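Trainee: Sharing a structure here in structure tokens format.
The values are calculated or read from the model by the stated rules, or taken from the named source; none is laboratory data. Model, not experiment: these values are computed from the prediction. Please note: Cβ atoms are built from the backbone with ideal geometry, for glycine as well, and neighbour counts cover all protein chains shown. The accessibility values were calculated without ligands, DNA or RNA, using every heavy atom of the protein model including side chains. Shrake-Rupley method; radii C 1.70, N 1.55, O 1.52, S 1.80 Å.
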Amino acid sequence: MKKFINNPEDVVEEMLEGMAAAHSNELRRLPGWNVLVRKDAPVTGKVGLVSGGGSGHEPAHAGFIGENMLDAAVAGEVFTSPAPDQIFEAIKAVDSGSGVLLIVKNFSGDVMNFDMAAEMAAAEGIDTEQVVVKDDIAVENKEDRRGTAGTVLVHKIVGTAVEEGLNLQEAAELAQHVTSRIGSMGVSLSPSTVPASGKPGFTLADDEMELGTGIHGEPGMERKKIQPADTVAEELLDKVTAELEVKSGDDVIALVNGQGSTPLMELYIVYRKAAQLLSGRNISIHQSMVGEYMSSLEMAGCSLTLLKLDDTIKKYVT
Amino acid sequence: MKKFINNPEDVVEEMLEGMAAAHSNELRRLPGWNVLVRKDAPVTGKVGLVSGGGSGHEPAHAGFIGENMLDAAVAGEVFTSPAPDQIFEAIKAVDSGSGVLLIVKNFSGDVMNFDMAAEMAAAEGIDTEQVVVKDDIAVENKEDRRGTAGTVLVHKIVGTAVEEGLNLQEAAELAQHVTSRIGSMGVSLSPSTVPASGKPGFTLADDEMELGTGIHGEPGMERKKIQPADTVAEELLDKVTAELEVKSGDDVIALVNGQGSTPLMELYIVYRKAAQLLSGRNISIHQSMVGEYMSSLEMAGCSLTLLKLDDTIKKYVT
Amino acid sequence: MELTTNVMKYWLVTADEKMQTHKEYLSELDQAIGDGDHGHNMARGFQVAAENAKESTEEDIGALMKAAAMTLISKVGGASGPLYGTAFLKASDKWKGKTSLSKDEFAEGLEAAVEGIKTRGKAEAGSKTMLDVWTPVLDYVQHHDIAAPDVSAKAKESMEQTESMKAEKGRASYYGEESISHIDPGAYSSYLLFEALAEALDKEEA
Amino acid sequence: MELTTNVMKYWLVTADEKMQTHKEYLSELDQAIGDGDHGHNMARGFQVAAENAKESTEEDIGALMKAAAMTLISKVGGASGPLYGTAFLKASDKWKGKTSLSKDEFAEGLEAAVEGIKTRGKAEAGSKTMLDVWTPVLDYVQHHDIAAPDVSAKAKESMEQTESMKAEKGRASYYGEESISHIDPGAYSSYLLFEALAEALDKEEA
Ligand SMILES: Nc1ncnc2c1ncn2[C@@H]1O[C@H](COP(=O)(O)OP(=O)(O)O)[C@@H](O)[C@H]1O
Ligand SMILES: Nc1ncnc2c1ncn2[C@@H]1O[C@H](COP(=O)(O)OP(=O)(O)O)[C@@H](O)[C@H]1O
Ligand SMILES: [Mg+2]
Ligand SMILES: [Mg+2]
Ligand SMILES: [Mg+2]
Ligand SMILES: [Mg+2]
């Protein structure tokens, strides 16, 4: 394990200190908590937006704190859901009286911890709603689908919407609506290593790739010989468009997300093919995002996310 | 070599196609050339800003095209300087009659190719000036220093200045002034692999790091056992502050740049220590940048850049 | 049998020792069909819970176990944090105000704990989770005059049976058929917890 | 001796063949003390230059070589592109309007080429660069009645001598002392170029 760290136990604490120091114009840390909040939180009259999860996915989620985005991000240990008291602190810090929407990636730990935090908030009279993002179509059963890079689109769109005045109920409905129209699929070339364990999360042969891996290296659908970028892009795109039933005339947001050590150059090569295919099928790309949005430490790989737009959502796409 | 590519010979072409497609609101490609320019170039009355170099350093340089930044970026083959005719096309495309400033990283290939392009421009009556960035203090002789992540600061500061109306001569002087106050130093943990060669650029033992590597994996000052992040940060910081003679009361911009596969988490851990040390020495961080600005494909490592501010420069720091 | 406050403290302290000893093994089990953090999660939480118990002058078993629950909830994280935390929290509610527990009182708390896990995890026994240890142990405690070796044996046997199950809940469920022939990490940590209970019972009997 | 347009074309075509054959070796040399792209750069540029020369109906040696120069400038990239490009460009200027070159005319062009490399690269011989082949070959051509085997031998010997030099220019200079005991890649490609010239001379004599 070759990493720029000190003690493996301190990585999250030290990362948060670094983030708080680097971005003190935009955010602040809740003293004693692994929570970063928008500098001006709570924003009067606005529904608060809280997300979070295990660390190791940076810039998610703290990198999406700000106007038209999140009010707070809660950081768990690496690849481990944060505890409810941490989430509860975030909720308290961003609630302006208009309630708080929790954006949760669908992993059992996250769901349970956010549930408990919501119960704690209810006990103190704070209204919360939750949306659980299940965008990873590599998992067959819809309810079991993991939350991956698509989560960032929910941050941005619902973030814009609450800034424009949606109330908690409306924000929750919008979030649910957006989530139901997002599909993602990843493909990995090499694993990442959690500092505390020091061992790679999985192994892949030198000429193998795994289709459908989760953001913590959870197993995917299939291992196969590594394919040219165009083939990979086409396979990801076909799976996602089929799942979302995207068809000629539709508008989408397309996000090619880097998992960690895949160079931007390769992400653009993958994006290129996806964009060509979409345009060939008369599907128009309303907005493009290419880069690391939801990483998995130094995993090599990428994922493709599509959000199938409609008029309701487009209002909040900036 | 595990990469999302098609044919190694096509990586630059396909990357540029991907970039042009993804960012069509901000930039456009000059047809037939490996040049991306600001969508509204040439901007009337404004000095044009052109940079570029070998590919593989994304987001540099095309990622810094836009208002208050570059007007054009020229992409060479991977880690290979672009040819003068490419650069010349960029110059022609962004010249509004106010002349063009070329921002060049100090590698013999880049310097020579930009020189030739400037000669071609002169032959067609286009005024150009050049600034050669030499921020990599790992090289002892000042004139031989390589251009690295500090180049991005020149893009941004001079980009802002020319937007505010500096003429070509003034812009060149400012760029020179800024450059003279930038110092960078990198440290690498593992090499990158250029697609065309398919082989890693250098080798490092499992417990080794190399201090002072260049952005193409050029040799550094010293190989040694891998150190804790705090030790690494302190060593980089000490070297850079000593070189720039940064002292108590000074203001700096601090940039921790990722070389490719080093997770953002680690960059923040390194930044944290650098920021602590700076504040302990009563040096104030006017602006922080943490992330991948000048990458080296999938190299693992980071670099620290400081820009020692003064009133002239601060006017253009946004 | 009577379980005193001291025995309950001893349970927490012994559980912690076992989590520390088996930390790497638990994470290895989790590496195979999860994300490799279960041992670290358990060790992190029980360490603080045991330290607090050791220092505590609390006589009320309910209060003691509630404090442990809160610690587990806030320190373990992941999926096991809310599950173990909820289990202890629900049990502590039954044990409120008591300084000693009869077997039936103990069983009542255990039953509440199991209900808590089921509700929190939206799961039943048979899905290859910690419930596949908690449920048979509860059943055993409810229907027998419990003795230390039997509790431990029951927990062990149940834990071993998770090896042949297919995971349907939690992170391991993504492994589908491949989850078979691996012991569930949460089942193993639960076995350690009940082994610690057996040692506490031993202590009580001694 | 007289170097006709056809001989000059043959020079370019043969040079290309050699660059293609030694592409990997050149990049390996560059991998050791540079960035491993020299063979790819040279092969990319000479391929197009040779193709154009083959198809060209140009009789004027100056025009032929200027076209080759422009191709090298735009296709090679890196440090060697502007250097080789400038060399051919400067030589072509001396050869303008000629359809055949005497030895002295040829040497005049070569001299301009070497001056071009020096100016462009701000370098002199002795820094472990291509100049350490170009300069001795020029010197030889200027002072001898050239024959193919001698040109080739001179280039080879000079190329080999770069092995023991310390690099002071270009990317290899970062390797400092470590650049010693490696042949300079640009010196090797220059040797290939002059070997191709020798074959062209042979052809002329034949
Ligand atoms: N829904 C659930 N119901 C009951 N137990 C569960 C559930 N989900 C997970 N578990 C238990 O939690 C264990 C994993 O815990 P841990 O590794 O600490 O958390 P995570 O899965 O978040 O990394 C599993 O082995 C299983 O016994
Ligand atoms: N300033 C210079 N003067 C003369 N020759 C040089 C100079 N810089 C580099 N070279 C030559 O160029 C060769 C390297 O070319 P190449 O690998 O194609 O370019 P780059 O160094 O940009 O990757 C070196 O081996 C050397 O012979
Ligand atoms: Mg976990
Ligand atoms: Mg090169
Ligand atoms: Mg786990
Ligand atoms: Mg080279």
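Trainee: Return the total of residues in the stretch B:63-118 being within 12 Å of chain D (Cβ to nearest Cβ) and within 22 Å of B:Ala20 (Cα to Cα).
Mentor: 16
Trainee: Taking the stretch A:283-313, which residues are within 17 Å of A:Glu58 (Cα to Cα) and assigned to a loop (DSSP other than H, G, I, E, B)? Give the steps one after another, and end with the answer.
Mentor: Our first condition is that a residue be within 17 Å of A:Glu58 (Cα to Cα); within the stretch A:283-313, this holds for A:289-303.
Within the stretch A:283-313, A:Glu292, A:Tyr293, A:Met294, A:Ser295, A:Leu297 qualify.
Trainee: Which condition breaks for A:Leu189 when tested against (1) over 29 Å from A:Asp310 (Cα atoms); (2) open to solvent by 20 Å² or more (accessible area, probe 1.4 Å)?
Mentor: The number of the failed condition is (2).
Trainee: Condition first: open to solvent by less than 30 Å² (accessible area, probe 1.4 Å) and either more than 14 Å from chain B (Cβ to nearest Cβ) or within 15 Å of B:Arg272 (Cα to Cα) (or both). Now tell me which residues in the stretch A:18-39 satisfy that.
Mentor: Answer for the stretch A:18-39, where residues must be open to solvent by less than 30 Å² (accessible area, probe 1.4 Å) and either more than 14 Å from chain B (Cβ to nearest Cβ) or within 15 Å of B:Arg272 (Cα to Cα) (or both): A:Gly18, A:Met19, A:Ala20, A:Ala22, A:Leu30, A:Val35, A:Val37, A:Arg38.
Trainee: Would you please name the residue that is nearest to ligand 6 (Cβ to nearest atom), looking only at residues in the stretch C:69-106 that are away from chain A (no Cβ under 14 Å) and of a type in the set (Ser, Thr, Tyr)?
Mentor: In the first step, residues of the stretch C:69-106 are kept if they are away from chain A (no Cβ under 14 Å); the result is C:91-106.
Imposing the further condition that a residue be of a type in the set (Ser, Thr, Tyr) reduces the set to C:92, C:99-100, C:102.
Values: C:Ser92: 69, C:Thr99: 80, C:Ser100: 81, C:Ser102: 82 Å.
Among those that are away from chain A (no Cβ under 14 Å) and of a type in the set (Ser, Thr, Tyr), it is C:Ser92.
Trainee: Determine whether A:Gly54 is closer than 24 Å to B:Tyr268 by Cβ and away from ligand 2 (no atom under 16 Å from the Cβ).
Mentor: Working: closer than 24 Å to B:Tyr268 by Cβ: yes; away from ligand 2 (no atom under 16 Å from the Cβ): yes.
Taking the combined requirement at face value, the residue satisfies it.
Trainee: Quick check, is D:Thr119 of a type in the set (Val, Ile, Thr), open to solvent by 40 Å² or more (accessible area, probe 1.4 Å) and over 17 Å from D:Tyr191 (Cα atoms)? Working first, answer last.
Mentor: On the way: of a type in the set (Val, Ile, Thr): yes; open to solvent by 40 Å² or more (accessible area, probe 1.4 Å): yes; over 17 Å from D:Tyr191 (Cα atoms): yes.
Considered against the rule, which asks whether it is of a type in the set (Val, Ile, Thr), open to solvent by 40 Å² or more (accessible area, probe 1.4 Å) and over 17 Å from D:Tyr191 (Cα atoms), D:Thr119 comes out as yes.
Trainee: Let me ask something additional. At negative phi and away from ligand 2 (no atom under 16 Å from the Cβ), is that true of B:Ala93?
Mentor: Values: at negative phi: yes; away from ligand 2 (no atom under 16 Å from the Cβ): yes.
Yes, satisfied.
Trainee: So, of the residues in the stretch A:88-108 that are in contact (Cβ under 8 Å) with a residue 40 or more places away in the chain and within 16 Å of ligand 1 (Cβ to nearest atom), which turns out to be most open to solvent (accessible area, probe 1.4 Å)?
Mentor: The residue in question is A:Asn106.
Trainee: Answer with yes or no whether C:Gly36 is assigned to a helix (DSSP H, G or I), open to solvent by less than 10 Å² (accessible area, probe 1.4 Å) and either touching a residue at least 40 places away in the same chain (Cβ under 8 Å) or within 15 Å of ligand 5 (Cβ to nearest atom) (or both). Show your work before the answer.
Mentor: Working: assigned to a helix (DSSP H, G or I): no; open to solvent by less than 10 Å² (accessible area, probe 1.4 Å): yes; either touching a residue at least 40 places away in the same chain (Cβ under 8 Å) or within 15 Å of ligand 5 (Cβ to nearest atom) (or both): yes.
No, not satisfied.
Trainee: Would you check if there is a residue in the stretch A:40-62 being more than 14 Å from chain B (Cβ to nearest Cβ), open to solvent by 10 Å² or more (accessible area, probe 1.4 Å), over 30 Å from C:Tyr84 (Cα atoms) and free of Cβ contacts under 8 Å to residues at least 12 places away in the same chain?
Mentor: Yes - at least one qualifying residue is present in the stretch A:40-62.
Trainee: Just need a number here: residues in the stretch B:194-248 that are polar (S, T, N, Q), open to solvent by less than 20 Å² (accessible area, probe 1.4 Å) and in contact with a Gly (Cβ under 7 Å, 6 or more places away or on another chain).
Mentor: 1
Trainee: On the basis of being within 14 Å of chain A (Cβ to nearest Cβ) and either crowded, with 20+ Cβ neighbours inside 10 Å or near ligand 1 (Cβ under 9 Å from one of its atoms) (or both), does C:Ser179 make the cut?
Mentor: Numbers: within 14 Å of chain A (Cβ to nearest Cβ): yes; either crowded, with 20+ Cβ neighbours inside 10 Å or near ligand 1 (Cβ under 9 Å from one of its atoms) (or both): yes.
It is true that C:Ser179 is within 14 Å of chain A (Cβ to nearest Cβ) and either crowded, with 20+ Cβ neighbours inside 10 Å or near ligand 1 (Cβ under 9 Å from one of its atoms) (or both).
Trainee: Suppose the filter is farther than 17 Å from B:Glu13 by Cβ, charged (D, E, K, R) and open to solvent by 10 Å² or more (accessible area, probe 1.4 Å); does B:Asp71 pass it?
Mentor: On the way: farther than 17 Å from B:Glu13 by Cβ: yes; charged (D, E, K, R): yes; open to solvent by 10 Å² or more (accessible area, probe 1.4 Å): no.
The answer is no for B:Asp71.
Trainee: Look at C:Tyr10 and say whether it is touching a residue at least 12 places away in the same chain (Cβ under 8 Å), of a type in the set (Ser, Thr, Tyr) and over 29 Å from A:Asp110 (Cα atoms). Even if it seems obvious, please write down each step before you answer.
Mentor: Working: touching a residue at least 12 places away in the same chain (Cβ under 8 Å): yes; of a type in the set (Ser, Thr, Tyr): yes; over 29 Å from A:Asp110 (Cα atoms): yes.
So C:Tyr10 passes the test.
Trainee: Scan the stretch D:89-106 residue by residue and report those that are open to solvent by 10 Å² or more (accessible area, probe 1.4 Å) and either in a helix (DSSP H, G or I) or on the phi < 0 side of the Ramachandran plot (or both).
Mentor: The initial filter retains those residues of the stretch D:89-106 that are open to solvent by 10 Å² or more (accessible area, probe 1.4 Å), namely D:89-90, D:93-94, D:96-100, D:102-105.
Within the stretch D:89-106, D:Leu89, D:Lys90, D:Asp93, D:Lys94, D:Lys96, D:Lys98, D:Thr99, D:Ser100, D:Ser102, D:Lys103, D:Asp104, D:Glu105 meet the criteria.
Trainee: Further, regarding this structure: Name the residue, out of D:Gly85, D:Gly78, D:Gly39, that is at positive phi and not hydrophobic (A, V, I, L, M, F, W, C).
Mentor: On the way: D:Gly85 fails: at positive phi; D:Gly39 fails: at positive phi.
That would be D:Gly78, the only listed residue that is at positive phi and not hydrophobic (A, V, I, L, M, F, W, C).
Trainee: Among residues belonging to the stretch B:112-125 that are aliphatic (A, V, I, L, M) and closer than 12 Å to B:Leu101 by Cβ, point out the one that is least open to solvent (accessible area, probe 1.4 Å). I'd like the intermediate steps shown before the answer.
Mentor: The first filter runs over the stretch B:112-125 and keeps only residues aliphatic (A, V, I, L, M), leaving B:112, B:116-118, B:120-123.
Now narrow it down to the ones that are closer than 12 Å to B:Leu101 by Cβ: B:118, B:121.
Working: B:Ala118: 15, B:Ala121: 0 Å².
Out of the qualifying residues, it is B:Ala121.
Trainee: Among the candidates C:Ser190, C:Ser181, C:Ser152, which residue alone is assigned to a loop (DSSP other than H, G, I, E, B) and either more than 16 Å from ligand 6 (Cβ to nearest atom) or among the basic types (Lys, Arg) (or both)? I'd like the intermediate steps shown before the answer.
Mentor: Working: C:Ser190 fails: assigned to a loop (DSSP other than H, G, I, E, B); C:Ser152 fails: assigned to a loop (DSSP other than H, G, I, E, B).
One residue alone meets the criteria, C:Ser181.
Residues checked against (1) in contact with a strand residue (DSSP E or B) (Cβ under 7 Å, 6 or more places away or on another chain); (2) within 13 Å of another protein chain (Cβ to nearest Cβ); (3) under 25 Å from D:Ser27 (Cα atoms):
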site: B:Val132; (1), (2), (3): yes, yes, no
site: B:Lys142; (1), (2), (3): no, no, no
site: B:Thr148; (1), (2), (3): yes, yes, yes
site: B:Val154; (1), (2), (3): yes, no, no
site: B:Gly159; (1), (2), (3): yes, no, no
site: B:His177; (1), (2), (3): no, no, no
site: B:Arg181; (1), (2), (3): yes, no, no
site: B:Leu189; (1), (2), (3): yes, yes, yes
site: B:Ala196; (1), (2), (3): yes, yes, yes
